[in-house]
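What follows is a set of notes on a single structure, which appears directly below.
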Amino acid sequence: MRVKNFFVKMLLFILVLVLLDWALGSGLRFFYFRQSQGKLYNLTCVLEKQTAEILILGSSRAMHQYNPEIMTDSLGLSCYNAGNDGQSILYHNALLDVILDRFTPSMIVLDVNPDELVRKASSYDLLTALNPYVKDHPVLWNTLQLRSPFEKAKHLSKIYPFNSLLARIAVGNMHVTTKDVSANGFTPQYGQWEQPIQTIDYPTDSVNFDKNKIEAMNQLIQKCKEKNIILYMVLSPMYEQQLNHSSSIRYITRLCEANNISFFSYQNDKRFKANELFRDPSHLNAIGADIFTSDIASLLLKQ
Amino acid sequence: MLFNSFAFLLFFPFVCLIYWLLSPKYRNVFLLLSSYYFYMNWQPVYGLLILFSTLVTYLCGRGIQQHTPPHKKKIILLSSLLINLGILFVFKYANFISSSFNDLFTTLHIKMEVPLLDILLPVGISFYTFQAIGYTIDVYRGDIPAEKNFITYALFVSFFPQLVAGPIERAKNLLPQFHRPHIFDAVKAVEGFRLILWGYFMKVVISDRLAVYVDSVYNNISHHTSITLVLATVFFAFQIYCDFGGYSNIAIGCAKVMGFDLMTNFRRPYLATSVADFWRRWHISLSTWFKDYVYIPLGGNRCRKSRNYLNLFITFVVSGVWHGANWTFVVWGALNGFFQIIGKITGNIYEKLFAGKRFRLSPKISHGWNVITTFILILVTWVFFRANSVADAFCVFDRIMFSHGRLFTNNIDSLIYGIFFILFLVTIEILQEKHEGRNLLLENKRAVVRYVSYLGLILLIIMLGVLDSSQFIYFQF
């Protein structure tokens, strides 16, 4: 093969590849936003459709533990659960950026985790959930570029924003019932945890804190202040005997005190130490979630 | 810099372009600088470590060549081994030995603590150390002359495609290639790009996808049932193969695009018909290294059977220790040695029992049976390799035997993709085995099939690959 021939073939190949990437990427985009149910659809709802007065933010511990129907019944305000598996404050802060462009909720309940501010690679990896939206909401670049300096270059590919989503997009376009189908973002978990309760001794140093997460937490608080949104933070129940407070929770407690934010901690709460209420040590099951939501709603009502 | 990072996708074409545009006399210097840049992206200070190791082995090689008295040669060789293995010991094994002693003291209720070193394991230290040691031994044995040019030698130790996870090259194969002026060969470049593409497919589409399921199961083994643990172990077998095999393909492919030929490192290992055959197909550069520098010097198979078995066992235990500072790797190595010894013993008995008998199995059934039983034995060893501790490994076996229940389906995407791509890979490899190693997609005689395969694989990588630059498993070694 002659060298010139090689480079001509290579250029042609790249051209075809770009065309295919554009065609497939456009197809994936069309079907992504055509979904009518499922986890991805719920995220589209959070960012582009819902206008609930109460917004629940958090990880899977928010997603599976706060029942918006109970919140609405108790408080008389509409509610949407924007919790998402494994997500951190980086993601919650980015969501709020987009939501505030469209409307202002009156109340936000932020469910925090014992390791909320700790540096974790997965917190950055999971930000890819926001990739399909960055084209329409450029404000998301502030968060997505925390992943790597090459994010904008990666988005030159039209398929890239939909990486790993093919199966979910397909299911989201079919009218089949899966366990992540929900009208208000809440996806209860069923079954109960059978193992004995474990004792947890959290490391007390804060050397592993992620500066980006601390900054995102401060930004979120600041945005709520500016828009007069009532912000509550909650450490929801876990099936663990925790010997101390984690460094993240101690930091968040101080931050709440400094900013006059109510912080509700269910750490070692005796009402939530029965295995029948849990799906696993970190997640309440459907029964536990309803009991917990009623309890948190009554606390919010008192406030 | 990771092969599966976006930074590498910019780095490699840039290096290739400059490399081919440069005059041949500057190419080695440029490649050396690029290799150090590539390596120092992890921890700049460890560049000094590789430079030190290079200097020591270079000077020892020169010393061995210049000093004719055999005892002096031996002293220089031993000094080189001591320094290089000493560095490896400090960085890789010192903390393991200290913690093992601490565990022993705790068990014996002795109030004593061996302090641990606060150091990070330099990426790829076992690979480049072994490559450099291999060179020194080869010079000592007179198999190759000592390299005179320091730049060339430093490039041999740090050549970026194979620096951090092999193939562990032999000086006899690689050093002469740095002396030859290379002319751009389009056919070779295409071969290289094919390997790179297949390597990326193995790594980001198969291995990293399987890793999601394997990690969620193996990090919580006490919560999972028999079927889940069996599936996770099968997934791990393919995860580690596609991770390391994928890395090797990318490494060999990158070198090929620049005109260099590295040795084959994997040859469809899960189609092996015995554990010994598996080791002729798995991490070939390491197994041949151990054969040449450990097994044969111990006496190899030119000795009594019992001694031969012992040599085999020692070689594999050492190979286990090379893999990592953990008892799990020691057990893994020992099991591989043990299975091969059993294979040798039973192989002889089988031959004697069935010689001339009429009820031999048909060759196809016998072949299939051997492939499956070998795969099961290898799976058993992988449990030790993947488990976080020996106790965890036994817990896995215990739960496989006695804990029945539903399959864990939380990562349903990974589960479905994983099964599909394993079947795809196995089909391709069976066909490859039948067609003398030719990949029937990427090396098809029909251009249409080839080009559709190239495009299909690239689109699959972007669409379904795990593109978060996850680590390669073998980097930890």
(message) If every alpha-carbon in region B:312-467 counts as one equal scatterer, what log10 I(q)/I(0) does Debye give at q = 0.21 1/Å?
(response) -1.25
(request) State the volume of the convex hull built on the alpha-carbon positions of chain A, expressed per residue in Å³ and rounded to an integer. (result) 166 Å³
(message) Can you compute the helix-only [θ] at 222 nm over the protein assembly as shown? Use -39500 (n - 2.57) per DSSP H run of at least 4 residues, normalise by all residues, nearest 500 deg cm²/dmol.
(response) -18500 deg cm²/dmol
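If I take R0 = 30 Å and measure r between the Cβ atoms of residue B:227 and residue A:120 in this structure, what FRET efficiency does the formula 1/(1 + (r/R0)^6) give, to the nearest 0.05? Before the final figure, lay out each step's value.
Numbers: r = 30 Å, r/R0 = 1.00.
Taking R0 as 30 Å, the efficiency between residue B:227 and residue A:120 is 0.50.
Take the Cα radius of gyration of region A:179-277 and divide it by 2.2 N^0.38 Å, with N its residue count; two decimals is plenty. Don't skip to the end; give the middle numbers.
Values: Rg = 16.5 Å, N = 99, 2.2 N^0.38 = 12.6 Å.
Ratio of Cα Rg to 2.2 N^0.38 Å: 1.31.
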(request) Please report the Cα spread of region B:53-131 along all three principal axes, rounded to whole Å, starting with the longest. (result) 55, 28, 15
(request) Return the long-range amide H neighbours of residue A:110 (sequence gap of 5 or more, or a different chain), with a cut-off of under 5 Å between placed amide H atoms. (result) A:57, A:232, A:233, A:234
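When DSSP assigns beta bridges and you keep just the ones with both residues in the protein assembly as shown, what percent turn out antiparallel, to the nearest 5?
Here the share of antiparallel DSSP bridges comes out near 15 percent.
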(message) Which lysines, if any, have their Cα less than 20 Å from the Cα of residue A:154, not counting same-chain residues under 8 positions apart?
(response) A:135, B:203
(message) Please list, ordered by chain and number, the residues whose modelled amide H lies under 5 Å from the amide H of residue A:240; skip anything fewer than 5 residues away on the same chain.
(response) none
(message) Quick check on my link table: of B:256/B:445; B:92/B:291; B:148/B:172; A:120/A:213, which ones sit more than 18 Å apart, alpha carbon to alpha carbon?
(response) B:256/B:445; B:92/B:291
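How do B:64, B:227 line up, fewest other C-beta atoms within 10 Å first? Numbers along the way, then the final one.
Working: B:64 23, B:227 15.
Fewest-to-most ranking of B:64, B:227: B:227, B:64.
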(request) Could you pull the Cα extents of the protein assembly as shown along its three principal axes, largest to smallest, in whole Å? (result) 92, 71, 62
(request) Apply 1/(1 + (r/R0)^6) to the Cβ-Cβ distance of residue B:291 and residue B:261, taking R0 = 25 Å, and write down the FRET efficiency to the nearest 0.05. (result) 0.75
(request) Show which aspartates and glutamates lie in cross-link reach of residue A:211 when reach means a straight Cα distance below 13 angstrom and same-chain residues fewer than eight apart are skipped. (result) A:116
(message) Using Cβ contacts closer than 10 Å as the measure, can you line up B:279, B:327, A:22 from fewest to most?
(response) A:22, B:327, B:279
(message) What FRET efficiency comes out for residue B:98 versus residue B:391 if R0 is 25 angstrom and r is the Cβ-Cβ distance? Round to the nearest 0.05.
(response) 0.80
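Under the classification rounded if a/c is under 1.5, otherwise prolate if a/b is larger than b/c and oblate if not, where does region B:1-141 fall, given a ≥ b ≥ c as square roots of the Cα gyration tensor eigenvalues? Please list the in-between numbers first.
Numbers: a/c = 3.74, a/b = 1.32, b/c = 2.84.
Here region B:1-141 falls in the oblate category.
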(message) With 10 angstrom as the radius, rank A:256, A:79 by how many other C-beta atoms surround their C-beta, starting from the fewest.
(response) A:256, A:79
(message) Straight-line reach from residue B:364: which lysines fall under 16 Å, measuring Cα to Cα and dropping same-chain residues less than 8 apart?
(response) B:434
(request) Determine by what factor the alpha-carbon radius of gyration of chain B differs from 2.2 N^0.38 Å, reporting the quotient. (result) 1.02
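We did not get these values from a lab; they are worked out from the coordinates using the rules stated. Quick caveat, the model's predicted, so the values are computed rather than measured. As a convention, Cβ positions derive from the backbone with ideal geometry for all residues, glycine included, and neighbour counts pool all protein chains shown.
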